[in-house]
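The values are calculated or read from the model by the stated rules, or taken from the named source; none is laboratory data. Since this is a predicted model, take the numbers as computed values, not measurements. Neighbour counts are summed over all protein chains in view; Cβ atoms, including those assigned to glycine, are modelled from backbone coordinates with ideal geometry.
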Amino acid sequence: MKNTKQFSKDLALFAAVAAVVIPANAHAYIDPGTGSVIVQAVIGGVVAVGFFLKTNWLRVKTFVKKLFGGGGDDDKRKK
C-alpha cells in the first residue's frame, strides 16, 4: 500500500513537471480584463501576506527564533 502511494505521488510530480517543461501551442488570447484580474490577485496576495505578518508579528518572530535556536521572546523578558 505504501509503495502505491509513493508511486502515485511520483507519477503526479512527473506529470506536473512534464506539463510545465514540454511546450505546447496554446493558441490562446489573454485580453486586458484577464490581465487585470491577474494583477489584482497578485496585489491582493501581497496585501494579505503583509496583513497576516502585521497582525501575527509576535507569533511569527517567536516561531522563527525557536526554529533557528534563538530561544523564547525577548520582548516579554524585558517587561
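Taking the listed residues GLY70, GLY50, the one that is surrounded by 10 or more Cβ atoms within 10 Å (Cβ to Cβ) and modelled with pLDDT of 80 or more is GLY50, with no other qualifying. Within the range 44-71, the set of residues being outside any helix (DSSP H, G or I) and either aromatic (Phe, Trp, Tyr) or touching a residue at least 12 places away in the same chain (Cβ under 8 Å) (or both) comprises just one member, PHE68.
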